[in-house]
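Beneath this line is the structure, given in structure tokens, with notes to follow.
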Amino acid sequence: MMLFRRNFLLRLVVVLVPALFASSALLAQDSPVKRGRKYKPPPETSKITVQVTKKFNGKPIMNAAVIFYPYDKNDREYGNMEVKTDPEGKATVDVIPTGSKVRVQVIANGFATFAQDYQVEEPTREIAIAMIRPQEQVSSYSDNEGKASSRKAGIQEPIRPKAADMKAPATTTTTPSNTPPARPQQ
């Protein structure tokens, strides 16, 4: 009889304990206390369109690299994103957080690199950039303002002597010197 009661109580506990947990779980779903991962919506973003043109004729530059460096309010960089311009010279990105500062850098073959910071407060922003040819390096010794670069775009070939110059015989001429002739030794 004792064995029967112990088995009965054990079976009763095994059956009732899961039922109690199940009923408490059902009640917890309706409770105002939320458990688990909290949802944080992503920040609002702005759409930035950059138009890249040649300054001297206004034509668009295709395949120019437009690099965006967004910064938050504490001047921490989020990373960077590079976009190439299309045939109309436009590069568009729509993932820059609204209210952040962004540095826009433009690199194109045959043109001086452009970089400038912009504060993005509006949902859409259009930026027009006119690229110029490379200029002489700024120097404190001479005024190079507005002078074109002495180096041309592309690969610079070294100046080599011409073949005709190398075949010409070298001529040596003796010139009288002011030193007296050497004396013979005795």
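The values are calculated or read from the model by the stated rules, or taken from the named source; none is laboratory data. Small disclaimer: the values here were computed from a predicted structure and weren't measured. Every residue, glycine among them, receives a Cβ derived from its backbone with ideal geometry; neighbour counts consider all protein chains shown.
Values as computed for the structure displayed
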item: Within the stretch 54-68, considering residues that are part of a strand (DSSP E or B) and out of contact with any Gly (no Cβ under 6 Å at 6 or more places or on another chain), the one nearest to Asp117 (Cα to Cα); result: Phe68
item: Residue ID - farthest from Ala115 (Cα to Cα), chosen from residues in the stretch 81-105 that are of a type in the set (Lys, Arg) and more than 13 Å from the chain's Cα centre (by Cα); result: Lys90
item: When residues of the stretch 87-104 are limited to those that are surrounded by fewer than 17 Cβ atoms within 10 Å (Cβ to Cβ) and of a type in the set (S, T, N, Q), the one farthest from Arg76 (Cα to Cα); result: Thr92
item: Residues of the stretch 53-68 satisfying the condition of being surrounded by 11 or more Cβ atoms within 10 Å (Cβ to Cβ) and either on the phi > 0 side of the Ramachandran plot or out of contact with any strand residue (DSSP E or B) (no Cβ under 9 Å at 6 or more places or on another chain) (or both); result: Asn63
item: Residues satisfying the stated conditions in the stretch 102-120, i.e. without any contact (Cβ under 8 Å) to a residue 40 or more places away in the chain and either within 22 Å of Pro41 (Cβ to Cβ) or among the hydrophobic types (A, V, I, L, M, F, W, C) (or both); result: Ala112, Phe114, Ala115
item: The stretch 105-121 - residue that is of a type in the set (S, T, N, Q) and in a strand (DSSP E or B) and, of those, surrounded by the most Cβ atoms within 10 Å (Cβ to Cβ); result: Gln105
item: Selection status of Ala130, surrounded by 12 or more Cβ atoms within 10 Å (Cβ to Cβ) and part of a loop (DSSP other than H, G, I, E, B); result: no
item: Pair list, Cβ under 6 Å, 6 or more apart: the stretch 64-78 residue modelled with pLDDT under 85, other residue of a type in the set (Gly, Ala, Ser) and surrounded by 15 or more Cβ atoms within 10 Å (Cβ to Cβ); result: Asp72/Ser100
item: Restricting the stretch 69-80 to residues that are in contact with a strand residue (DSSP E or B) (Cβ under 7 Å, 6 or more places away or on another chain) and surrounded by 13 or more Cβ atoms within 10 Å (Cβ to Cβ), the residue that is nearest to Gln116 (Cα to Cα); result: Tyr69
item: Sole exception among (1) modelled with pLDDT of 75 or more; (2) farther than 30 Å from Lys47 by Cα for Pro87, by number; result: (2)
